Amino acid sequence: MRARDLLIDITPLRDSRDFRAIFIARVVSLFGLGMATVALAGQVYETWSTFHVATVSIVMSVTVLLGSLWGGWMADRMDKRTLIVCARGAAALAFAGLAVNAFLPDPSLWAVYLCVAWDGLATGVSVTALMAVAPTLVRPDQLPAAGALISLTGEIGSITAPLLGGVLLGLTGPGAVFAFAAFTTAVTSLLITRVRPLPPVKDEDDDTEDSGSVLVAFRYAARNRVVGGLLLLGGVMAVFSLPVVLFPEMVDKQLGADAGNFEFMLGVLYTAPAVGAVAVSATSGWLNRAARPGRLLLAAAFVGGSSAIGFGFSGHLALAFVMLAIGGAAGTVYEILEYALVQHNTPDRLRGRMVSVITAQGTSGGMVGDAEAAAVARWTSPGGAAVINGAICAGAALLIALLVPGLRKATLPYDDEDGDGDESAGGPPSDTEPALADPGSVPGTPGATAAPAATG
């Protein structure tokens with residue numbers, strides 16, 4: 001393998017003006033959102049209490065979940081460009097409301113809740129529509145590269161935007177940060193207007209009354225071996241992923257922190273997964289030519305679970321950092337391939353609803369997972385919870401590899417530099433056409449495949 005093949009592939013940015021506009025809009029939006037998140041937590045904590053910091057976060061999670069489900073339905077029923085522009089415009093109004101409220105002598109807590117709920121709905125809609133749009137703007141063989149670019153911007157934004165937000169918050173206060181977020185969100189809407197119209201694909205294969213329902217996506221997943229297997233595995237990983245919520249207790253009780261270095265050690269833990277994720281995203285060119293992406297995805301899930309086990313047994317900060325970095329790297333490989341496989345194996349008329357299902361799975365699974373991890377940690381220890389969750393994830397990867405051969409054998413098209421064409425089938429299947437030649441099918445019902453992870 002040549003060295004240049006390891007570098008992240010930016011071909012989608014060169015080849016597609018529309019994808020380039022979407023990409024730039026996402027980068028601008030991520031910085032505004034990341035900075036606003038820090039400002040919101042700081043304002044609510046300093047003005048009111050930690051309790052309201054938690055409840056504001058819950059309101060945001062619930063409304064993003066609802067917005068994602070509604071956005072998936074809308075993305076398959078109307079022009080996606082119009083939907084994204086309107087949703088980001090609504091989010092800009094929410095940030096403007098937070099800014100005005102923050103500049104008041106006596107800010108209103110209820111105004112914060114209202115603006116956060118409004119922003120959560122708008123963000124859920126726009127994120128879902130945005131993820132459904134991207135595959136229509138690049139060639140099928142460029143899906144892994146597009147997923148890697150999206151992942152890299154998310155990880156870099158998660159590292160730099162909060163830092164910048166904290167600096168600006170200290171210099172100017174929350175009002176200016178919210179105003180900046182409103183400005184960047186408005187810029188995002190303007191950038192999206194540069195994308196060509198993206199009308200919905202007519203739903204010719206399903207004339208039933210619920211043809212526009214999210215349930216259609218579940219039924220499709222139950223019939224498609226690749227997508228169904230991904231939902232099964234994603235549901236397990238969403239609930240039993242690495243318990244980030246237990247990082248503070250892990251630092252306090254297992255890694256030997258004291259009053260002088262607690263904050264530093266906690267920051268190291270939060271940074272470690274992003275370090276591994278950025279390292280993989282920046283060197284993800286090899287993923288574009290992975291011969292068996294289904295097997296690689298399952299292996300990444302197994303490695304991610306195993307790294308959580310190693311983290312749970314860690315007694316020193318250095319080992320904990322390495323385990324978390326490995327987990328972040330494995331998680332990024334999983335996310336890039338999941339993105340490419342889902343998009344390639346889902347027909348365009350269902351992409352919005354399928355993205356909404358996966359986004360909802362991530363959001364609801366994360367909330368359930370936090371409660372599960374806290375309960376297990378109380379019964380055992382924070383390290384014990386990490387070990388148990390990691391073992392469940394690793395075991396699920398092995399079990400699904402055995403029970404869902406369609407996912408294990410899944411392939412992606414890629415551009416053959418020797419001129420022989422794509423190495424696998426090009427377009428997405430219809431909802432009645434199997435994605436692979438293997439006669440096996442995903443076991444279980446649509447409800448089972450969707451059991452409860454998603455953006456960032």
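The values are calculated or read from the model by the stated rules, or taken from the named source; none is laboratory data. Bear in mind the structure is a predicted one, so any value in this text is a computation, not a measurement. In this analysis, Cβ positions are derived from the backbone assuming ideal geometry, glycine residues included, and neighbour counts consider all displayed protein chains.
Test residue 39 against the stated conditions and say whether it is surrounded by 18 or more Cβ atoms within 10 Å (Cβ to Cβ), among the hydrophobic types (A, V, I, L, M, F, W, C) and modelled with pLDDT of 85 or more. Answer is yes for this residue. In the range 238-267, the residue that is farthest from the chain's Cα centre (by Cα) out of those that are of a type in the set (Val, Ile, Thr) and modelled with pLDDT under 80 is 245. Please go through the range 329-356 and give me each residue that is of a type in the set (Val, Ile, Thr) and either under 19 Å from residue 73 (Cα atoms) or modelled with pLDDT under 85 (or both), ordered by number. Of everything in the range 329-356, those that are of a type in the set (Val, Ile, Thr) and either under 19 Å from residue 73 (Cα atoms) or modelled with pLDDT under 85 (or both) turn out to be 342, 346, 355.
When 376, 387, 357 are checked against the criterion of being within 21 Å of the chain's Cα centre (by Cα) and β-branched (Val, Ile, Thr), a single residue qualifies: 357.
From the list 77, 14, 88, 81, the one residue that fits, being of a type in the set (Lys, Arg) and in a loop (DSSP other than H, G, I, E, B), is 77.
Within the range 148-191, the set of residues being over 17 Å from the mean Cα position of the chain (by Cα), modelled with pLDDT under 80 and either over 30 Å from residue 288 (Cβ atoms) or of a type in the set (D, E, K, R) (or both) comprises 162, 163, 166. For the range 262-279, state whether one or more residues are surrounded by 20 or more Cβ atoms within 10 Å (Cβ to Cβ) and in contact with a Cys (Cβ under 6 Å, 6 or more places away or on another chain). No - not one qualifying residue is present in the range 262-279. Does residue 360 satisfy the condition of being crowded, with 24+ Cβ neighbours inside 10 Å, more than 19 Å from residue 392 (Cα to Cα), out of contact with any His (no Cβ under 8 Å at 6 or more places or on another chain) and not assigned by TED's automatic domain parsing to the domain that holds residue 11? Answer is yes for this residue.
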